[in-house]
Amino acid sequence: MLVPRWIRRSIKPNSLIARYSLPIGVSVALVAITTLLISLFLDRINFQNVGIIYLLPVFILAIRWGFLPALFTALISVACSSFFFYEPIYDFRAHNWDNQVDLILFTIIAAVTSHLATRLRRQDEIDRLREALIGSVSHELRTPLASILGAASVIANAQNVKSDPRLSTLANVIREEADRLNHDIQNLLDATRISSEGIHPKREWIDPSDIVNVAIERRSRALSGRKVRVKLADGLPLFQGDPVLFDQAIGQVLSNAAKYSPANSEIIVDIGHENDQILFSISDQGAGMTAEDLQRLGDRFYRSERLANTTTGSGLGIWIAKAFLEASGGSIAASSKGPNQGSQVTITMPVTKVPAREAETSDE
């Protein structure tokens, strides 16, 4: 009798054996080692419920290979417990009612633990796949987007386009939207980097006024139409941090202040110093924040519901800024009097005293 090809392809006993041979082998080995250790130390510690110890190999198998190998581990753990440690010894039957309850409870707990551990494993795989996909797509978009940005800038600055208000408006719209898309892609790349690689900040001496002026200059297009005023306290000390990360963090706050503020409004950057800390306060006259917005400040992908339909964004900006700042020993907080009453975001960085030798070198 001929078996259809699609049925033969679906039946792959060898692949199943190959797939589960390693976890089964590891399961048997871990349970055997656990049994040996329990038998060696049981008399010394006088431990009654040996089933709890067998949860360790069950959890390891669940994390590494999923539910079925973990369930197999739980079953052979029950068999070993009953055979070696419950009366009558060397018999799979447990005559004592307490021992029977222990075995039943262990089986239930092991099954639940295996299920939860498997869900954690699957969620971790989904998160890694999502981060890899975001990173890959973002990298692939950077090259054509850079070409679009360059072409839009050239077109917008062409004399024929400048002389035609309609074409000039269209060219500027293309450039602005491409720039916004570039900013969103950079946020996705930063988010992927934070989640997968972690943050490894460098430690350099930073001048507060210089880093703020550079950040404002780099966001000149995003801040266009807003009046940015910088207020500096006297005698501001240097602080240690990663200039690139700090620039990106304060840039995110400045971009948000501009995004949620009306045209021609004022954004104030106030840099002060108190209690061995430097405070960077960015105040705007924009949409403000509700109590929920303040509570969820820095949550990943969080966007206020009242602004989601009117203002574009990914909900990653402040989350990225918070991650960069905390990696450098800083923090971020916000305050607001309520919706449409503006907001103030404060970045705090610790001040490290300049060693005497470095101070003398800088003076020279």
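The values are calculated or read from the model by the stated rules, or taken from the named source; none is laboratory data. Note that this is a predicted model, so its numbers are computed, not measured. Cβ sites come from the backbone with ideal geometry, for glycine too, and all protein chains shown count toward neighbours.
What residue, of Val161, Val154, is free of Cβ contacts under 8 Å to residues at least 24 places away in the same chain and crowded, with 16+ Cβ neighbours inside 10 Å?
That would be Val161, the only listed residue that is free of Cβ contacts under 8 Å to residues at least 24 places away in the same chain and crowded, with 16+ Cβ neighbours inside 10 Å.
Yes or no: Val173 in contact with a Phe, Trp or Tyr (Cβ under 8 Å, 6 or more places away or on another chain) and assigned to a helix (DSSP H, G or I)?
Numbers: in contact with a Phe, Trp or Tyr (Cβ under 8 Å, 6 or more places away or on another chain): no; assigned to a helix (DSSP H, G or I): yes.
It is false that Val173 is in contact with a Phe, Trp or Tyr (Cβ under 8 Å, 6 or more places away or on another chain) and assigned to a helix (DSSP H, G or I).
For the stretch 300-337: of the residues being closer than 16 Å to Ile282 by Cα and part of a loop (DSSP other than H, G, I, E, B), which is nearest to the chain's Cα centre (by Cα)?
This residue is Gly330.
Tell me which residues, restricted to the stretch 76-116, are modelled with pLDDT of 70 or more, part of a helix (DSSP H, G or I) and aliphatic (A, V, I, L, M).
Matches in the stretch 76-116: Ile76, Val78, Ala79, Ile104, Leu105, Ile108, Ile109, Ala110, Ala111, Val112, Leu116.
Modelled with pLDDT of 85 or more, in a helix (DSSP H, G or I) and either within 26 Å of the chain's Cα centre (by Cα) or not assigned by TED's automatic domain parsing to the domain that holds Gly315 (or both): does that describe Leu149?
no
Go through the stretch 299-338 residue by residue and tally those that are among the aliphatic types (A, V, I, L, M) and free of Cβ contacts under 8 Å to residues at least 40 places away in the same chain.
So the count comes out to 2.
Any residue in the stretch 183-194 that is part of a helix (DSSP H, G or I) sitting within a Cβ distance under 6 Å of a residue that is acidic (Asp, Glu) and modelled with pLDDT under 75? List the pairs, counting only those 6 or more apart or interchain.
So the pair list comes out as Thr192/Glu131.
Kindly list, by first and then second residue, each pair from a residue in the stretch 196-212 that is at pLDDT below 90 to a residue that is exposed (fewer than 13 other Cβ atoms within 10 Å of the Cβ) and hydrophobic (A, V, I, L, M, F, W, C), limited to pairs with Cβ atoms under 8 Å and residues at least 6 apart or on different chains.
So the pair list comes out as Ser196/Ala132; Lys202/Val244.
Looking at the stretch 218-264, which of its residues are of a type in the set (A, V, I, L, M), closer than 26 Å to Leu189 by Cβ and part of a loop (DSSP other than H, G, I, E, B)?
If the condition is that a residue be of a type in the set (A, V, I, L, M), closer than 26 Å to Leu189 by Cβ and part of a loop (DSSP other than H, G, I, E, B), then Ala222, Leu223 are the ones that fit.
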